[in-house]
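The values are calculated or read from the model by the stated rules, or taken from the named source; none is laboratory data. Fair warning: this is a prediction, and the values are worked out from it, not measured in the lab. All Cβ positions, even for glycine, are placed from backbone atoms using ideal geometry, and neighbour counts span all protein chains on display. Ligands, DNA and RNA are stripped out before the accessible areas are found, and what is left, the full protein with its side chains, is counted by its heavy atoms. Shrake-Rupley method; radii C 1.70, N 1.55, O 1.52, S 1.80 Å.
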Amino acid sequence: NLLILDFGSQYTQLIARRVRELNIYCEIHPFHKIPKNLNEFKAVILSGSPFSVRAEDAPEPDLSSIKGKLPVLAVCFGAQYIAHHFGGEVAPSNTREFGRAKLSVIKDAETLFKNVKEGSQVWMSHSDSIKELPSKAVRLASTEDVLNAAYRIEGEDTFGLQFHPEVYHTKDGAQILKNFLVEIAGVPQTWTPARFVDLTVAELKEKIGNQKVVLGLSGGVDSSVAAVLLHQAIGENLYCIFVNNGLLRKDEFSSVLEQYKGMGLNVKGVDASSRFLDALAGISDPETKRKKIGNTFIDVFDDEAHQIQEVSFLAQGTIYPDVIESVSVNGPSVTIKSHHNVGGLPDFMKLKVVEPLRMLFKDEVRRVGAELGISNKLLGRHPFPGPGLAIRILGDITPEKVRILQEVDAIFINGLRKWDLYDQVWQAGAMLLPVSSVGVMGDERTYEKVVALRAVESTDGMTADWVDLPYAFLQETSNKIINQVKGVNRVVYDISSKPPATIEWE
Ligand code: XMP
């Protein structure tokens, strides 16, 4: 319904996200591949770009089939592109214009700027400015530094915005997008999780047919939702593999496996704990730990995938942020990627890849999961790193240390649930420190391990702050840990933000 032409802006995905928040379906296509079936689109958004329209190598799409024919909202570079190519002028700004600004002298208060008030905050990020508007354009708004902050071309539904309506810092951005899409272009707001499920299941059926698919489940939200979607599409031809690397939370392997079976998935649980722990023996360096775990995972998965006859596809729970950042926060995809550099690809990597959640953001994955009937408990799970407790045991890893940390972590996490704090925290866990400290229990002097508890709030894991957990909770948790977990005599709470610290200690 909506076409987003991407000129390479870091914000293009955000446009898509804002649009889908309006329950509108959109497709992003690169500027040099304008789709042929334009009659299937009701409107077009032109994205921003790292390029200047004046640069020799700037994108030069042919907009003749779009401009004046479909409603167009041109953002930043897009707005400059139209000005530059249709009778206006773009020149370097006198000052760099980044950050917040206030809209003034707003016109079109009944269409594009409906419900947008004078002084509304917008977000700028550009070094070129539109000095002359394109032909037949009227100015719709200015800011203190930017005369032509918004324009409309007379006789067309073509609008240009110098600022970014898609970023949260543009306070009325969602309203402006809605005005354009719904009021002006009349795009239907029918893009709901239910519809996503219907369309995706139909697409998967079509693409996969009677062939077999293998998928690595991690216990996390993304791979679980991907599995249930695929299961709806192809049923028993989906073969899920859930590997216990011995570094999961306490009882996680069995409880998650139970949960998956309850959901009707065909899951093979593979307990490869000792293979992982053997590979990790004596290793303290965090990056080496990650590599060993990644490689072992690949080996185990490859062995298991070979047990399935004639499998054609590898399914992954890749989501949008993984695609843009190329670093996955959850699940095995990150380890699979890093293995690319290690030489010959394992056989399962020669399979065709299917990634049904590739277009979704995390909160959308959760909405789709809820639509599929996946329990809130599973959907609300905190992120958990692929290398698991290995990067929460500082220094080398032994089965005894894993046991200690599993016990500590379980007390902490169960406590958060009991105190109704779990959902207020974005991620929580415990770290086992490589130091011992002196304590006293009864009349005995002890010399045992220190654990650190960490609970953070965040939206995407890129920045985070520690959570101000109630003292009474910390007190109860600390007491329980020291009384119940043999080998620990001291508990500390991590009060560092990210940056400069990170969420994990390794
Ligand atoms: P940091 O420690 O970088 O963590 O602040 C940010 C988020 O990423 C997770 N994390 C990982 N996830 N493999 C993963 O799959 C890893 O090697 C890894 N390291 C960190 C971390 O748990 C947090 O959610």
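Would you tally the residues in the stretch 186-202 being over 13 Å from VAL19 (Cα atoms) and in contact with a strand residue (DSSP E or B) (Cβ under 8 Å, 6 or more places away or on another chain)?
Keep residues of the stretch 186-202 that are over 13 Å from VAL19 (Cα atoms), which gives 186, 193-202.
Going one step further and asking which of them are in contact with a strand residue (DSSP E or B) (Cβ under 8 Å, 6 or more places away or on another chain), we end up with none.
Of the residues in the stretch 186-202, 0 are over 13 Å from VAL19 (Cα atoms) and in contact with a strand residue (DSSP E or B) (Cβ under 8 Å, 6 or more places away or on another chain).
Among (1) of a type in the set (Asp, Glu); (2) in contact (Cβ under 8 Å) with a residue 60 or more places away in the chain; (3) within 24 Å of HIS84 (Cα to Cα); (4) surrounded by fewer than 24 Cβ atoms within 10 Å (Cβ to Cβ), which single condition is GLU183 missing?
If we test GLU183 against (1) of a type in the set (Asp, Glu); (2) in contact (Cβ under 8 Å) with a residue 60 or more places away in the chain; (3) within 24 Å of HIS84 (Cα to Cα); (4) surrounded by fewer than 24 Cβ atoms within 10 Å (Cβ to Cβ), just (3) comes out false.
So is ILE411 in contact with a helix residue (DSSP H, G or I) (Cβ under 6 Å, 6 or more places away or on another chain) and either assigned by TED's automatic domain parsing to the domain that holds LYS291 or part of a loop (DSSP other than H, G, I, E, B) (or both) or not? Let's see the steps before the verdict.
On the way: in contact with a helix residue (DSSP H, G or I) (Cβ under 6 Å, 6 or more places away or on another chain): yes; either assigned by TED's automatic domain parsing to the domain that holds LYS291 or part of a loop (DSSP other than H, G, I, E, B) (or both): no.
It is false that ILE411 is in contact with a helix residue (DSSP H, G or I) (Cβ under 6 Å, 6 or more places away or on another chain) and either assigned by TED's automatic domain parsing to the domain that holds LYS291 or part of a loop (DSSP other than H, G, I, E, B) (or both).
Matching residues to (1) without any contact (Cβ under 8 Å) to a residue 40 or more places away in the chain; (2) within 16 Å of the ligand (Cβ to nearest atom); (3) assigned by TED's automatic domain parsing to the domain that holds GLY220:
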position	(1), (2), (3)
LEU421	no, no, no
ALA452	no, yes, no
THR459	yes, yes, no
PRO470	no, no, no
GLN475	yes, no, no
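Just wondering, is there one or more residues in the stretch 83-105 that are assigned to a loop (DSSP other than H, G, I, E, B), modelled with pLDDT of 95 or more, surrounded by fewer than 20 Cβ atoms within 10 Å (Cβ to Cβ) and assigned by TED's automatic domain parsing to the domain that holds ALA150?
The answer is yes; a qualifying residue exists.
Against the definition (at pLDDT 95 or above and either closer than 27 Å to SER223 by Cα or not assigned by TED's automatic domain parsing to the domain that holds ASN23 (or both)), how does ARG366 come out, yes or no? Give the derivation first.
Numbers: at pLDDT 95 or above: no; either closer than 27 Å to SER223 by Cα or not assigned by TED's automatic domain parsing to the domain that holds ASN23 (or both): yes.
The answer is no for ARG366.
Run down ILE15, ILE24 and say which single residue is at pLDDT below 95 and in contact with a His (Cβ under 9 Å, 6 or more places away or on another chain).
Numbers: ILE24 fails: in contact with a His (Cβ under 9 Å, 6 or more places away or on another chain).
None of the other options fit; the residue is ILE15.
Just to verify a result, which residue in the stretch 392-407, among those that are hydrophobic (A, V, I, L, M, F, W, C) and in a helix (DSSP H, G or I), is farthest from the ligand (Cβ to nearest atom)? I'd like the intermediate steps shown before the answer.
Initial filter on the stretch 392-407 (hydrophobic (A, V, I, L, M, F, W, C)): 393-394, 397, 402, 404-405.
Then keep just the ones that are in a helix (DSSP H, G or I); that gives 402, 404-405.
Details: VAL402: 17, ILE404: 20, LEU405: 14 Å.
Looking at the filtered set, the residue picked out is ILE404.
Being under 22 Å from GLN406 (Cα atoms), small (Gly, Ala, Ser) and not in a loop (DSSP other than H, G, I, E, B) is the filter here; which residues of the stretch 435-493 pass it?
The answer is SER436, SER437, GLY439, ALA452, ALA455, SER478.
Is it fair to say VAL450 is over 22 Å from LEU379 (Cα atoms), open to solvent by less than 20 Å² (accessible area, probe 1.4 Å) and among the β-branched types (Val, Ile, Thr)? Can you show your working first?
Details: over 22 Å from LEU379 (Cα atoms): yes; open to solvent by less than 20 Å² (accessible area, probe 1.4 Å): yes; among the β-branched types (Val, Ile, Thr): yes.
Criteria met by VAL450.
Just checking, how many residues over the stretch 344-391 are outside any loop (DSSP other than H, G, I, E, B), among the hydrophobic types (A, V, I, L, M, F, W, C), open to solvent by 20 Å² or more (accessible area, probe 1.4 Å) and in contact with a Phe, Trp or Tyr (Cβ under 8 Å, 6 or more places away or on another chain)? Walk me through how you get there before you give the answer.
Residues of the stretch 344-391 outside any loop (DSSP other than H, G, I, E, B): 347-350, 352-354, 362-371, 376-379, 388-391.
Within this subset, residues satisfying the condition of being among the hydrophobic types (A, V, I, L, M, F, W, C) are 348-349, 353-354, 365, 368, 370, 378-379, 389-391.
From what is left, the residues that are open to solvent by 20 Å² or more (accessible area, probe 1.4 Å) are 349, 353, 370.
Now restrict to residues that are in contact with a Phe, Trp or Tyr (Cβ under 8 Å, 6 or more places away or on another chain): 353.
Count: 1.
Quickly run through the stretch 273-304 and pick out the residues that are closer than 29 Å to HIS231 by Cβ, under 27 Å from the mean Cα position of the chain (by Cα) and open to solvent by less than 20 Å² (accessible area, probe 1.4 Å).
Matches in the stretch 273-304: ILE293, GLY294, THR296, ILE298, VAL300, PHE301.
So VAL75 fits all but one of (1) within 28 Å of TYR320 (Cβ to Cβ); (2) without any contact (Cβ under 8 Å) to a residue 60 or more places away in the chain; (3) touching a Leu at 6+ places or on another chain (Cβ under 8 Å); (4) open to solvent by less than 30 Å² (accessible area, probe 1.4 Å); what number is the exception?
(2)
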